[in-house]
Amino acid sequence: MVRRVGWLALLLTALSVGVAGAQYPVLDMVAQKVVERYQQSTCEQLWQQRSQPKSQREQEILQMLRNDPQMRADFINRIAAPVANKMFECGLIP
C-alpha cells in the first residue's frame, strides 16, 4: 500500500509539472515505478489491489490523464508491455 501511495504522489507531481510531449522527465520516473511495482508484485497482490476502490487522489490522476491525451499516450507507451505481460501471467486479462 505504501508503494501505491508513493506511486500516486509521484504521478500527481508529474502531472502537475505540465511539461509537453516526450518532455516528461518526472513521468519517466513514475512510469518506471509502475513497471517495477507490477514486476515485483505477486499475482495475489495485484488481484487484491484491483478489487480495492480507487482513492480520491488516484481518481484525480486518472482524470488528468483523460484530459491530456499526449501525457496519457506517453505514459501508456512506457508501461504497456511490462504491465500487460504481468497482467496476462496473472490472469487479469484474457
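Here, each number is a calculation from the coordinates, and none is a lab measurement. Since the model is a prediction, treat every value here as computed from it, not as a measurement. Virtual Cβ from ideal backbone geometry, glycine too; neighbours counted across all protein chains shown.
Placing a label point 7 Å from the Cα of ALA84 along the Cα-to-Cβ direction, the residues of segment 36-65 with a backbone N closer than 18 Å are 36, 38-39. Most tightly packed first, judged by the mean number of other beta-carbon atoms within 10 Å of their residues, the peptides 78-91, 43-56 read 78-91, 43-56.
With the convex hull drawn over the C-alpha atoms of segment 36-84, the volume per residue is 83 Å³.
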